Amino acid sequence: MSDMTSTADAPRSPGRPRSTRADEAIVDATLDLLAEGSTIESLSIEAIAARAGVGKATIYRRWPGKDALLLDALRTLKGPAPRTAGRSVRDDLVLLVGAVGQHADPRVRKIMPCLVPEVNRSSAHRQAYEAIVEPRRAAMREVLRRAIDRGELRADLDIEVTMSLLTAPMLTQRMLRWHPERDERMLPERIVDTVLDGLRVR
């Protein structure tokens, strides 16, 4: 992406107040088009404006370009990281692992798999994707570091590898339906217990 500045980062000029309804319509139009099969490269401001029922100028008043709009739209799919209590490393990790691949918006299952090839083809797209997922990764990283500081987990723990071990099984199940018959409600606990069994200080 050439311009990844989102509306949250860009200064706003004085004038008529922005319409929240128009913002939501534009973001929804962007996500709808992606869910229907449009690639990041083929998606155009013209198509987004037509779907949202606004003019192109309305979009450009809110976002400096397509890339910034895409970043804001994709961020809405992830939402904030769950808030951990900080009392139990197991409970905190079960909460965070349970949120992996879990989204209220049904469009996520169609959009995220299509985003992976784009991430692999472009360093700019990768930076945008990492900006979206980093808050959740940071929350898990903090839980693991806190457990190490408390002496609950081994001091030589590779935090990044551990995060991959915790998140990959949940993501594989939810995105690819690896075991369609498996009860996903119990899977976060099974993943966390299996991984922690090899990481605890003995």
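The values are calculated or read from the model by the stated rules, or taken from the named source; none is laboratory data. These figures come from a predicted structure and were not determined experimentally. When we count neighbours, we look across all protein chains shown, and the Cβ atoms used for this are built from the backbone with ideal geometry, even at glycine. Just so you know, the surface numbers come from the protein's heavy atoms only, side chains and all, with ligands and any DNA or RNA stripped out. Shrake-Rupley method; radii C 1.70, N 1.55, O 1.52, S 1.80 Å.
Worth a mention:
- Within a straight-line Cα-Cα reach of under 18 Å, Lys56 can be paired with the following lysines, leaving aside sequence neighbours fewer than 8 residues apart in one chain: Lys66.
- Considering only Ile40, Ile159, Ile191, the mean-square fluctuation computed in a Gaussian network model of the chain, springs between alpha carbons under 10 angstrom, is largest for Ile159.
- Euclidean distance between Cα centres, the stretch 115-135 to the stretch 54-88, Å: 14
- Cα-based convex hull volume of the stretch 79-198 per residue, rounded to whole Å³: 116
- Accessible area (Å², 1.4 Å probe, nearest 10) - Ser42: 80
- Among the trypsin sites (Lys or Arg not before Pro) found in the stretch 103-163, those both in a DSSP coil and sparsely packed, with 13 or fewer other Cβ atoms within 10 Å of their Cβ, are Arg150.
- The chain: angle of helix 108-121 to the longest principal axis, Cα-based, in degrees nearest 10: 90
- Computed Kirkwood radius, in angstrom, where 1/r is averaged over Cα pairs of the chain: 18.8
- Over the chain: helical MRE at 222 nm, DSSP H runs n ≥ 4 each giving -39500 (n - 2.57), nearest 500: -19500 deg cm²/dmol
- Fraction in percent of alpha-carbon pairs per bin - 5 Å, the stretch 39-124: 2, 11, 17, 18, 16, 14, 9, 6, 4, 2, 0
- Listed residues Val195, Ser123, Ala25: farthest to the positive end of the dipole of the chain (Cβ charges): Ala25
- Cα gyration tensor shape for the stretch 20-76, rounded if a/c is under 1.5, else prolate or oblate: rounded
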